[in-house]
Amino acid sequence: MSQTLGIDFGTSNSAAGISINGRPCLIEVEAGENTLPTAVFFDFENQKTLFGRQAERALINGDDGRYMRALKSILGTPLMHESRIMMGERVTFVDIIARFLRRIKSRAQEVCYQDFDHALSGRPVLFHSNDPARNEQALKDLTLCYLAAGFKSVEFMPEPEAAALAARHKGDGLKLIVDIGGGTSDFTVFQNTATGIDILASHGVRLGGTNFDRSISFDHVMHHFGKDSEIRKDFGAGTHAAPRAIFHDLATWQMIPFLYTSEVKRKVSDLQRNAVDQQAYTRLMSVLEDHLGHDVAFAVERGKIQVNTDGEGMVNLTTVERGLNQALSVNMLTTSLTPHMENLAAAVGEALTLANCSADQIESVIFVGGSSLIKDVSRTVQHILPKATLHYNDAFTAIIDGLALASARPR
Ligand SMILES: Nc1ncnc2c1ncn2[C@@H]1O[C@H](COP(=O)(O)OP(=O)(O)OP(=O)(O)O)[C@@H](O)[C@H]1O
Ligand SMILES: [Mg+2]
């Protein structure tokens, strides 16, 4: 039987690894890199599908094509199985994710000089909070994607349990993994044993960095594109508020590709005709015409990271309009993140309840996932667990380290 490939298929970043002599060995999924952005670009001019950083470069260059990110968030939704024509071919999101996974598989085979017929994939504890049917469907969808990518079989391991396996922190007390990624937040309560680890409970919620981006964008950026501006009535005097749905979609990574249809453009052009703020709607039209939705989302994401790191930041919107920027302060960030932090706190509480332990019993918290670097996140967790020591494992590779280790287990 061929060796199993460990794969962390993330909302924002993915990685692959195997175990060599009991140690995780990460695959160079792109030259010089052991993670790659979970991004796909259909290059219309060259009729090619690009992945990872190449896809991002094509987007930044403004190449003619269609860019997609946060594909994992679509798993379990009806959109997964709707087909659309892409470069003359009818494709579904199952096909698109399968192509991305096939790229990881073939790259791993190339650098390891061996075939990988079996995958051990990470999965969030819950793809969709409070929706068991969607959650089950998401796992079915992801299984289909792996099989369509050419794997003969796939097994799944909850992502925070993989991180617990790879955690290097010693000591007998209870430990809590807090994995805040791009799309989900996952928790595992565990303790070390003589032979490995004992998992007491895992819990998760559909909440991550892409939700943070969405809130920041909606609260502080979308007004540049007409959110909350007034639209004159077609007949008679007076105005009404602009509908908000389009601004929600433009602020949501996985919904952006669905905005570039003639139907949406027609609706916006109708609004533009009667808009009080003409400039904002001209910008919105150019975002739709020139496919700049992801440029805006990336600018928001960069602004978020900058303000979190430096204490002040800027959402640079100059790809949309020369000189257009939105300053971001720590207070603005906190305002947008507060509802998410309340959900996060409730989810930590739920994980402790499932593990049947009290906050005081958690001796250490191990943060993983890119969004665990957000200061409001550590403040929120420390507030609930004042006695715990906070540790940071490798934010972007802790999960794949664990999956790589587990991939060598007999099955
Ligand atoms: N320095 C940083 N500060 C704050 N957030 C960051 C930083 N770097 C990356 N992020 C955020 O981390 C998220 C990606 O993290 P990660 O790669 O762990 O997610 P993922 O594994 O792809 O997602 P998931 O596990 O939810 O499917 C993004 O939302 C990104 O904006
Ligand atoms: Mg992750």
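Residue farthest toward the positive end of the dipole of the range 132-182, with Cβ of Lys/Arg at +1 and Asp/Glu at -1: which of 132, 153, 171? Most positive-ward Cα: 171.
Within 10 Å of each candidate Cβ there may be at most 16 other Cβ atoms; applying that plus a DSSP loop requirement, which trypsin sites (Lys or Arg not before Pro) in the range 133-178 survive? Can you show the working numbers first?
On the way: sites: 134, 140, 152, 168, 170, 175; in loops: 152, 168, 170.
Of the trypsin sites (Lys or Arg not before Pro), the ones in loops of the range 133-178 whose Cβ has at most 16 other Cβ atoms within 10 Å are 152, 168, 170.
Residue 19 sits among other residues whose Cβ lies under 11 Å from its own Cβ, and their net charge, with Lys and Arg +1 and Asp and Glu -1, is +1. Kindly express, to the nearest 10 degrees and within the range 0 to 90, the angle between helix 262-274's C-alpha long axis and the longest C-alpha principal axis of the chain. Once rounded, one gets 50 degrees.
Just the protein heavy atoms count here, and of the accessible area of the chain at 1.4 Å, carbon and sulfur take up 49 percent. Using θ = phi - 60° in the Karplus curve 6.51 cos²θ - 1.76 cosθ + 1.60, the 3J(HN,Hα) couplings for the range 220-231 round to 10, 10, 5, 5, 5, 10, x, 4, 6, 8, 9, 10 Hz; x is entered for Gly and Pro. Placing +1 on each Lys and Arg Cβ and -1 on each Asp and Glu Cβ, with no other charges, gives the chain a dipole about its Cα centre of roughly 340 debye. In the range 171-393, if the dipole is taken from +1 on Lys/Arg beta carbons and -1 on Asp/Glu beta carbons about the Cα centre, which of 337, 320, 392 is farthest to the positive end? Going by the Cα projections, it comes out as 320. On a 20 Å Cα-Cα criterion, which of the cross-link pairs 227/265; 48/140; 265/304; 72/227; 48/105 come out too long? Pairs exceeding the cut-off: 48/140; 265/304; 72/227. Between the residues 269, 297, 253, the greatest Cα displacement towards the positive end of the dipole of the range 171-393, with unit charges on the Cβ of Lys, Arg, Asp and Glu, is found for 269. Each Lys or Arg adds one and each Asp or Glu takes one away; over the other residues whose Cβ falls under 10 Å from the Cβ of residue 158, this sums to -3. Helix-only arithmetic for the chain: the sum of -39500 (n - 2.57) across DSSP H runs with n ≥ 4, divided by the residue total, places the mean residue ellipticity at 222 nm at -12500 deg cm²/dmol. Between residue 290 and residue 345, the simple spin-label model (points 7 angstrom out along Cα→Cβ) gives 4.3 nm. Using the Cβ-Cβ distance between residue 324 and residue 172 with R0 set to 41 Å, the FRET efficiency from 1/(1 + (r/R0)^6) comes to roughly 0.15. Put simply, the amide H of residue 201, placed in the peptide plane, has neighbours under 5 Å in 189, leaving out anything fewer than 5 places away on its chain. Among the trypsin sites (Lys or Arg not before Pro) in the range 254-322, those located in a DSSP loop and surrounded by at most 13 other Cβ atoms within 10 Å of their own Cβ are 322. Residue order by solvent-accessible surface for 380, 338, 353 is 353, 338, 380, largest first, with ligands and nucleic acids left out and a 1.4 Å probe. Dipole magnitude for the range 148-232: about 120 debye, using +1 per Lys or Arg Cβ and -1 per Asp or Glu Cβ, origin at the Cα centre.
Below 14 angstrom from the Cβ of residue 388, what's the summed charge of the other residues (Lys, Arg +1; Asp, Glu -1)? Neighbour charge sum, excluding residue 388 itself: +1.
With +1 on each Lys and Arg Cβ and -1 on each Asp and Glu Cβ, and nothing else charged, work out how big the dipole of the range 171-393 is about its Cα centre, in Debye to the nearest 20.
With only Lys, Arg, Asp and Glu charged at Cβ, the dipole is about 520 debye.
Coupling constants for the range 348-363 follow from the phi torsions by the Karplus curve (6.51 cos²θ - 1.76 cosθ + 1.60, θ = phi - 60°), and in residue order they are 4, x, 5, 4, 5, 4, 4, 8, 6, 9, 9, 4, 5, 7, 7, 8 Hz; glycine and proline get x. A cut-off of 5 Å between modelled amide H atoms, ignoring neighbours fewer than 5 places along the same chain, links residue 121 with 7, 155, 156, 157. Under 5 Å between amide hydrogens, built in the peptide plane, is the criterion, and for residue 65 it picks out 44 among residues at least 5 positions away or on other chains.
Between helix 293-310 and the chain there is an angle of about 60 degrees, using the helix long axis and the longest principal axis of the Cα atoms.
Applying 1/(1 + (r/R0)^6) with R0 = 56 Å to the Cβ-Cβ distance of residue 44 and residue 354 gives a FRET efficiency near 0.70. The HN-Hα couplings worked out from phi for the range 232-245 by the Karplus form 6.51 cos²θ - 1.76 cosθ + 1.60 (θ = phi - 60°) are 5, 5, 4, 10, x, 7, x, 9, 9, 6, 5, x, 9, 3 Hz, whole numbers, x standing for Gly and Pro.
As a calculated quantity, the FRET efficiency between residue 195 and residue 373 at R0 = 30 Å, using C-beta atoms, amounts to about 0.40.
The GluC sites (Glu not before Pro) of the range 1-85 that DSSP puts in a loop, and whose beta carbon has at most 13 other beta carbons within 10 Å, are 45, 82.
The values are calculated or read from the model by the stated rules, or taken from the named source; none is laboratory data. Source: prediction; values computed, not measured. Neighbour counts are summed over all protein chains in view; Cβ atoms, including those assigned to glycine, are modelled from backbone coordinates with ideal geometry. With ligands, DNA and RNA removed, areas are computed over all heavy atoms of the protein, side chains included. Shrake-Rupley method; radii C 1.70, N 1.55, O 1.52, S 1.80 Å.
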